[in-house]
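Novice: Quick one: the structure is below, questions incoming.
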Amino acid sequence: MKTIADTIVQVLVNAGVKRIYGIVGDSLNNMVDSIRSNGQIEWIHVRHEEVAAFAAGADADLSGSIAVCAGSSGPGNLHLINGLYDCHRNRVPVLAIAAHIPSDEIGSEYFQATHPEHLFGECSHFCEVITTPRQIPRTVTMAIQQAISRSGVSVIVLPGDVAALEAEKVPAPEHVYHPTAPVVHPSASEISRLAEYLNKGKRITLLCGAGCAQSHELLMQLCDKLKSPMVSALRGKEYLEYDNPYYAGLTGLIGYSSGYHAMMDCDVLLMLGTDFPYRQFYPEDAIILQVDIEPAHLGRRTPLTYGLCGDVKATLEMLLPHLTSEHDSKHLEKTVSHYTKVRHELDGLAVGKPGHTPIHPQYLAKVISDAAQENAIFTCDVGTPTVWAARYLQMNGQRRLLGSFNHGTMANALPQAIGAQSTEPDRQVIALSGDGGLTMLMGDLLTLKQHQLPIKVIVFNNGALGFVELEMKAAGFLENGTELVNPDFGAVAQAMGLKGIRVEDPTMLEDAIQQALAHDGPVVVDVVVNRQELSMPPKINLKQAEGFTLWMMKAMLNGRGDEIVELAKTNLFR
């Protein structure tokens with residue numbers, strides 16, 4: 001007998017699915033058995049369903065197609081939610097199979113009962129319950145089409161007993177989904193109006209994001225015509241940083257002063273393919289123009305002078321012939337000179353000297369960047385690993401950088417690395433993990449062993465939730481509840497059957513990273529880094545300065561003056 005589960009699996013095979021990430025459970029038994037008997041899809045057995053969702057998101061991001069995760073009824077599929085929020089906000093196509101309690105027990109407060117169709121509604125474009133064989137395969141194909149066409153999450157809720165029902169005599173379609181790539185660009189009149197603003201501008205700055213992924217060459221032409229510097233949002237870094245003489249760096253909380261001033265000193269700001277959220281980093285007096293493929297994004301971060309809906313590449317192809325080449329280059333020269341100075345200063349902090357312990361995290365990030373392969377895939381945990389990745393990982397057009405840049409959740413680096421390595425087995429995958437992020441989902445180091453994934457996990461071990469501490473100091477609070485009592489993560493890795501390395505001396509760091517990257521298998525490198533390293537934002541406002549002063553006063557009054565001395569030694573006397 002061919003079951004509903006059998007048909008769903010065949011639909012997934014026809015859709016090109018190669019892997020499903022999840023944890024088995026009784027409500028998923030029929031699905032897992034159908035996967036086994038079909039033999040064309042690999043079940044990636046993780047240790048936490050949240051990892052399954054993150055891994056599927058990285059898989060979808062790198063493959064450019066649908067990826068799948070699954071969770072059993074109640075707690076199992078609830079664990080998917082945080083990872084699915086991240087997938088949805090990263091705009092990657094993921095299908096989640098949320099198993100459900102027996103259909104005749106729905107509404108009876110049965111064991112593990114929830115209402116998945118409500119729970120997943122906010123982090124998906126499509127979420128429907130399968131109750132009869134007649135819905136299959138149509139519901140699954142609709143879910144996949146929605147996820148791919150709208151670049152987000154779809155969920156099918158499947159009671160365990162329904163999965164075992166005999167399927168209708170309806171074959172799984174050969175073509176499960178229909179990818180389409182329409183060219184979206186503004187009208188000719190809109191292009192002309194946009195060009196008018198740009199041709200009149202004196203000091204023009206570009207703010208570019210992930211929507212510029214396919215537009216590097218056109219953006220170089222645009223910057224040359226407008227004599228404008230380019231600032232990037234974090235998700236745009238991997239696409240824009242390399243081979244870019246107009247680059248002014250990042251802006252925002254983890255950005256550079258050069259990027260901040262490039263935006264604040266302009267008279268025209270052109271936003272391209274970015275939904276950069278931090279309103280305090282936008283200029284107040286400039287003409288602000290925006291081009292975005294999502295019209296709902298226009299003007300939601302800062303008041304616009306003019307906004308247009310369009311794909312960045314298609315829009316630039318229409319726009320460039322309308323632009324003059326008579327712009328003064330002083331704004332560009334000033335900004336690029338500022339960026340060069342900032343870059344030099346940042347690189348000057350990324351040093352390791354004998355006896356200077358703990359190790360500076362900037363030095364660790366730079367060593368990783370210098371040693372990694374040209375097409376390496378990096379993942380980074382939220383917090384200070386993201387700061388150091390943003391400032392020190394050098395992109396080149398081949399490398400990828402994945403993180404929880406929109407959802408901002410802890411513990412994403414290891415799970416995303418699992419999805420990345422499963423998708424790209426021949427590429428080097430390096431996870432930049434915080435000690436807090438790693439320990440939150442550390443059980444999935446065992447997944448590296450079980451599936452022989454040669455991921456290199458580099459732990460920024462500062463014994464604290466470092467970014468949270470910095471936020472507390474800036475707000476005038478004494479840090480509390482942020483200290484982490486950590487094990488030797490290298491020894492933990494060894495106990496799990498992985499290669500483990502611990503580094504406390506900066507003179508040993510380069511050799512340790514080289515050794516880890518050369519090892520044919522998974523490695524955990526535990527690097528003890530300086531807890532007091534400040535990852536300063538590009539601009540410190542009066543409130544933050546007052547807060548930091550208040551923190552120092554409180555620290556002195558509470559007998560913690562040694563922390564202020566160590567902070568000064570780490571940051572001021574270098």
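Novice: Could you pull the Rg and Dmax for segment 1-147, using just the Cα atoms, both in Å?
Specialist: Radius of gyration, then largest Cα-Cα span, for segment 1-147: 14.0, 42 Å.
Novice: Shifting gears a bit: In whole percent, how big is the carbon plus sulfur part of the accessible area of segment 57-195, probe 1.4 Å, protein atoms only? Provide the component values of the computation, followed by the final result.
Specialist: Details: 3140 of 6140 Å².
Its accessible area is 51 percent carbon and sulfur atoms.
Novice: Further question on the same structure: So between Lys353 and Ala113, what do we pick up on full extension, going 0.36 nm a residue minus the alpha carbon distance? Before the final figure, lay out the partial values.
Specialist: On the way: separation 240, 0.36 × 240 = 86.40 nm, distance 5.76 nm.
Full-extension gain reported as 80.6 nm.
Novice: State the percentage of accessible surface on segment 355-469 attributable to carbon and sulfur atoms; use a 1.4 Å probe and exclude ligands, DNA and RNA.
Specialist: Answer for segment 355-469: carbon and sulfur cover 48 percent of the accessible area.
Novice: At a probe radius of 1.4 Å, what is the per-residue accessible area of Asp243, in Å² to the nearest 10?
Specialist: Solvent-accessible area, nearest 10 Å²: 120 Å².
Novice: Students often check this: by mean Cβ neighbours within 10 Å, which of 75-86, 309-320, 486-497 ranks highest, and how do the rest follow?
Specialist: Ranking the peptides 75-86, 309-320, 486-497 by packing returns 75-86, 309-320, 486-497.
Novice: Using a 1.4 Å probe, what is the accessible area per residue for the chain, in Å²? Show your work: numbers first, answer last.
Specialist: Working: 23680 Å² over 574 residues.
So the chain comes to 41 Å² accessible per residue, rounded to a whole number.
Novice: With the Cα gyration tensor of segment 223-318 in hand, convert its eigenvalues to equivalent ellipsoid semi-axes via √(5λ) and list them largest first in whole Å. Before the final figure, lay out each step's value.
Specialist: Numbers: eigenvalues 68, 55, 36 Å².
Each semi-axis is √(5λ); the values are 18, 17, 13 Å.
Novice: Now for a different question. Whenever you get a sec, line up His115, His45 from highest to lowest accessible area (probe 1.4 Å, protein heavy atoms).
Specialist: Numbers: His115 95, His45 60 Å².
Correct descending sequence by accessible area is His115, His45.
Novice: In addition: If each DSSP helix of 4+ residues adds -39,500 (n - 2.57) and the sum is divided by the residues in the chain, what number results at 222 nm, nearest 500 deg cm²/dmol? Present the calculation step by step, with values, prior to reporting the outcome.
Specialist: Numbers: 24 runs with 231 residues, N = 574.
Computed ellipticity for the chain at 222 nm equals -11500 deg cm²/dmol.
Novice: Here's another thing I want to ask about it. With a length cut of 20 Å (Cα positions projected on each helix's long axis) and a Kyte-Doolittle mean of at least 0.0, go through the chain and give me the DSSP H helices that pass. Working shown, then result.
Specialist: Working: long enough: 49-63 (21 Å, 0.43); 330-349 (29 Å, -1.02); 542-557 (23 Å, 0.42).
Correct list, ordered by number: 49-63, 542-557.
Novice: Between Asp520 and Glu174, how high is the FRET efficiency from 1/(1 + (r/R0)^6) when r is the Cβ-Cβ distance and R₀ = 51 Å? Nearest 0.05.
Specialist: Numbers: r = 39 Å, r/R0 = 0.77.
Efficiency, rounded to the nearest 0.05: 0.80.
Novice: How far is the Cα center of segment 273-343 from the Cα center of segment 449-494, in Å?
Specialist: Rounded to whole Å, the Cα centres lie 36 Å apart.
Novice: Just to verify a number: FRET efficiency for Ala188 and Thr324, C-beta to C-beta distance, R0 = 22 Å, to 0.05?
Specialist: Values: r = 18 Å, r/R0 = 0.81.
After rounding, the FRET efficiency stands at 0.75.
The values are calculated or read from the model by the stated rules, or taken from the named source; none is laboratory data. Owing to the predicted nature of the structure, the values given are computational and were not obtained by experimental measurement. All Cβ positions, glycine included, derive from the backbone under ideal geometry; neighbour counts span all protein chains shown. Note: accessible area is taken over every heavy atom of the protein model, side chains too, but ligands, DNA and RNA are not part of it. Shrake-Rupley method; radii C 1.70, N 1.55, O 1.52, S 1.80 Å.
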